[in-house]
Amino acid sequence: RLSESGGGLVQAGGSLRVSCAASGLPFDSYHMGWFRQAPGKDYEFVAAISWGGGNTHYPVTLKDRFTISRDNAKNTVYLQMNNLKPEDTAVYYCAATRQYEKLVQGRLYECDYWGQGTQVTVSS
């Protein structure tokens, strides 16, 4: 299973790091990603990282502010978010898959695992 943590309330311009701890799966065999869903909107792809950490992908609109990383020794993937904006307010989900394209193509529900999400709220 995947368990997200680290969400909370932050002012616009601030930073936040959310984490996703994996258990019960061979973490270093899975590509990992982050998605988010804002109120009343469909979920969207936020970031992806390959199993070894050598490749990452982001939407063009987020790549200058968000950074995904992983620590395979800790079975954890992170999402560092800087210069947060009110429009970043959403529930953030992590996902695991053996097929990297599913993350980049935004196919959350085709991934092998995903978590319950952590709420990130950015106040203006």
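Inspection of region 25-44 identifies no residue that is more than 15 Å from Leu2 (Cβ to Cβ), of a type in the set (Ser, Thr, Tyr) and open to solvent by less than 50 Å² (accessible area, probe 1.4 Å).
Every condition in (1) open to solvent by less than 10 Å² (accessible area, probe 1.4 Å); (2) not in a strand (DSSP E or B) is met by Gly54 except one, and the failing one is (1). Residues in region 54-70 that are within 14 Å of the chain's Cα centre (by Cα) and among the small types (Gly, Ala, Ser): Ser69 alone. Of everything in region 71-111 that is more than 15 Å from the chain's Cα centre (by Cα) and in contact (Cβ under 8 Å) with a residue 60 or more places away in the chain, the residue that is most open to solvent (accessible area, probe 1.4 Å) is Arg98. Quick check on region 55-63. Is at least one of its residues modelled with pLDDT of 95 or more and within 18 Å of Gly115 (Cβ to Cβ)? Looking through region 55-63, none of the residues is modelled with pLDDT of 95 or more and within 18 Å of Gly115 (Cβ to Cβ). Just give me the residues in region 57-68 being free of Cβ contacts under 8 Å to residues at least 40 places away in the same chain and either of a type in the set (A, V, I, L, M) or open to solvent by 50 Å² or more (accessible area, probe 1.4 Å) (or both), in sequence order. Result: Tyr58, Val60, Thr61, Leu62, Lys63, Asp64, Thr67, Ile68.
Results for (1) aliphatic (A, V, I, L, M); (2) more than 13 Å from Asn75 (Cα to Cα); (3) assigned to a strand (DSSP E or B), shown as yes or no for each residue.
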{"residue": "Leu9", "(1), (2), (3)": "yes, yes, yes"}
{"residue": "Gly14", "(1), (2), (3)": "no, yes, no"}
{"residue": "Ser19", "(1), (2), (3)": "no, no, yes"}
{"residue": "Gly24", "(1), (2), (3)": "no, no, no"}
{"residue": "Phe35", "(1), (2), (3)": "no, yes, yes"}
{"residue": "Pro39", "(1), (2), (3)": "no, yes, no"}
{"residue": "Glu44", "(1), (2), (3)": "no, yes, yes"}
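The values are calculated or read from the model by the stated rules, or taken from the named source; none is laboratory data. No experiment lies behind these values; they were computed from the predicted model shown. All Cβ positions, even for glycine, are placed from backbone atoms using ideal geometry, and neighbour counts span all protein chains on display. Surface areas here come from the heavy atoms of the whole protein model, side chains and all, with no ligands, DNA or RNA. Shrake-Rupley method; radii C 1.70, N 1.55, O 1.52, S 1.80 Å.
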